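Below: one structure, written as structure tokens.
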Amino acid sequence: MKVNPMIERDYLLLGVMGDPIGHSKSPAMHHAAITALGLSGAYVPLHIRPEGLRDAIQAVKALGFRGVNVTIPHKVEVMEYLDVVDEGARRIGAVNTIVNDNGKLTGYNTDGIGYVRSLKDEACPNLKGKRIVVFGAGGAARGIIYALTGEEPEKISIVNRTSDKALALAEELSSLADLRGYGEDHAREALSDADVLINTTSVGMFPRVSELPVPAEYIPEGIVVSDLIYNPLKTELLRQSELRQCTVHGGLGMFINQGAYAFEYWTGLKAPVRAMKEAVLTSFRSEV
Ligand code: ATR
């Protein structure tokens with residue numbers, strides 16, 4: 001990764017575009033990164049409605065932003081307005097990070113790679129040869145499964161309420177790994193020989209915190225169980241899995257690491273992950 005020479009002498013302008021955007025933790029997280037590295041710059045929340053997205057992306061160039069994150073609901077549409085979309089983002093079908101190289105905009109997706117970095121750092125250092133079960137077949141699942149295929153797992157089983165979506169996603173990425181799709185009625189069977197279970201659905205998210213995406217008794221004892229949800233930090237799925245002696249992994253690390261990769265793409269500098277995580281946790285605490 002090359003350090004952008006502009007970074008050291010110029011003001012680093014960054015931001016996040018979304019609708020809504022008020023509750024985003026990204027400004028606090030990236031502000032902490034800028035400060036920790038002694039850079040001069042800012043990361044601002046930008047409330048952009050869908051009809052304003054095209055102009056907002058043009059403004060990235062006009063205003064000299066080094067880059068932006070894009071979040072819900074813009075991750076798919078934004079691809080139309082970029083000069084280059086990186087291969088991974090194209091296969092995932094969504095962009096969450098844009099880098100501005102003197103007017104040339106390139107789109108990346110750091111969600112999946114951020115997730116995998118966090119899973120390996122915090123719960124499962126080696127995914128090679130592992131049997132992985134992913135619950136859900138939506139946008140989040142796509143990014144994660146794409147990134148997981150790079151880790152050479154033995155197989156990835158996708159289990160989804162709507163079985164057709166699981167089958168279609170497994171088929172679409174089948175050239176990259178041994179992928180199979182199932183309906184929820186096959187959850188028990190898919191989990192029977194699993195090493196890692198990953199929940200990408202919204203089941204268990206605040207405020208419906210007592211729900212589980214799968215009956216706890218289907219989860220083999222002692223496996224790795226990971227939940228993308230970070231509100232609450234420890235979901236009911238993770239609580240129940242701990243009772244089954246599982247190694248658990250929450251969604252906060254994914255959020256931090258997708259931001260860390262984005263920061264590294266913008267600056268060419270190693271992201272100060274610890275400072276970023278501390279800022280997000282502080283921001284959470286100030287809400288309660
Ligand atoms: P995201 O980008 O967060 O993945 P999404 O694309 O809307 O959001 O996908 C949500 C995923 O959660 C889907 O796999 C969805 O299942 P369906 O494809 O059947 O809709 C899953 N999901 C959401 N609510 C669910 C529920 N109550 N029970 C089971 N699965 C659920």
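The values are calculated or read from the model by the stated rules, or taken from the named source; none is laboratory data. Keep in mind that this is a model prediction, so the values were computed, not measured. Note: ideal-geometry Cβ built from the backbone for every residue, glycine included; neighbour counts use all protein chains shown.
Which residue out of Leu173, Leu169 is within 14 Å of the ligand (Cβ to nearest atom), of a type in the set (A, V, I, L, M, F, W, C), closer than 22 Å to Glu189 by Cβ and over 16 Å from the mean Cα position of the chain (by Cα)? Before the answer, list the steps.
Working: Leu173 fails: within 14 Å of the ligand (Cβ to nearest atom).
One residue alone meets the criteria, Leu169.
Tell me, yes or no, whether segment 262-280 has at least one residue that is more than 17 Å from Asp111 (Cα to Cα), hydrophobic (A, V, I, L, M, F, W, C), assigned by TED's automatic domain parsing to the domain that holds Thr149 and surrounded by 14 or more Cβ atoms within 10 Å (Cβ to Cβ).
no
Please work out which residue is farthest from the ligand (Cβ to nearest atom), limiting yourself to segment 107-153 and to residues that are aromatic (Phe, Trp, Tyr) and part of a strand (DSSP E or B). Walk me through how you get there before you give the answer.
If we filter segment 107-153 for residues that are aromatic (Phe, Trp, Tyr), which is where we start, we get 108, 115, 135, 146.
Checking the rest, the ones that are also part of a strand (DSSP E or B) come to 108, 135.
Details: Tyr108: 17, Phe135: 7 Å.
Within segment 107-153, the match that is farthest from the ligand (Cβ to nearest atom) is Tyr108.
Can you say whether Asp86 is free of Cβ contacts under 8 Å to residues at least 60 places away in the same chain, among the charged types (D, E, K, R) and closer than 20 Å to Met254 by Cβ, as far as the supplied structure shows? Even if it seems obvious, please write down each step before you answer.
Values: free of Cβ contacts under 8 Å to residues at least 60 places away in the same chain: yes; among the charged types (D, E, K, R): yes; closer than 20 Å to Met254 by Cβ: yes.
Against the criterion (free of Cβ contacts under 8 Å to residues at least 60 places away in the same chain, among the charged types (D, E, K, R) and closer than 20 Å to Met254 by Cβ), Asp86 qualifies.
Only one of Ala59, Ala33 is without any contact (Cβ under 8 Å) to a residue 24 or more places away in the chain and of a type in the set (Gly, Ala, Ser); which? Quick ask: steps written out before the conclusion?
Numbers: Ala33 fails: without any contact (Cβ under 8 Å) to a residue 24 or more places away in the chain.
The match here is Ala59.
Being among the hydrophobic types (A, V, I, L, M, F, W, C) and over 30 Å from Lys25 (Cα atoms) is true for just one of Leu197, Leu148, Leu228, Leu176. Which residue is that?
Numbers: Leu197 fails: over 30 Å from Lys25 (Cα atoms); Leu148 fails: over 30 Å from Lys25 (Cα atoms); Leu228 fails: over 30 Å from Lys25 (Cα atoms).
Just one listed residue meets the conditions, Leu176.
What are the pairs, 6+ residues apart or on separate chains, where a residue within segment 218-232 that is at pLDDT below 95 has its Cβ under 7 Å from a residue that is in a loop (DSSP other than H, G, I, E, B) and surrounded by fewer than 17 Cβ atoms within 10 Å (Cβ to Cβ)?
These pairs meet every condition: Asn231/Phe206; Pro232/Phe206; Pro232/Val209.
Taking the options Val225, Val209, Val196, Val214, name whichever one is in the same structural domain as Ala123 (by TED's automatic domain parsing) and under 21 Å from Val280 (Cα atoms). Give the derivation first.
Values: Val225 fails: under 21 Å from Val280 (Cα atoms); Val196 fails: under 21 Å from Val280 (Cα atoms); Val214 fails: under 21 Å from Val280 (Cα atoms).
Answer to the check: Val209.
Need pairs with beta-carbon distance below 7 Å; first residue in the same structural domain as Ala190 (by TED's automatic domain parsing) and under 14 Å from Leu252 (Cβ atoms) and within segment 111-138, second more than 16 Å from the ligand (Cβ to nearest atom) and not in a helix (DSSP H, G or I); sequence gap 6+ or separate chains.
Cβ pairs passing all conditions: Leu119/His249; Glu122/His249; Ala123/Val224; Ala123/Thr247; Ala123/His249.
Of (1) more than 16 Å from the ligand (Cβ to nearest atom); (2) surrounded by fewer than 21 Cβ atoms within 10 Å (Cβ to Cβ); (3) under 15 Å from the mean Cα position of the chain (by Cα), Tyr230 satisfies all except one. Which?
Condition (1) is where Tyr230 drops out.
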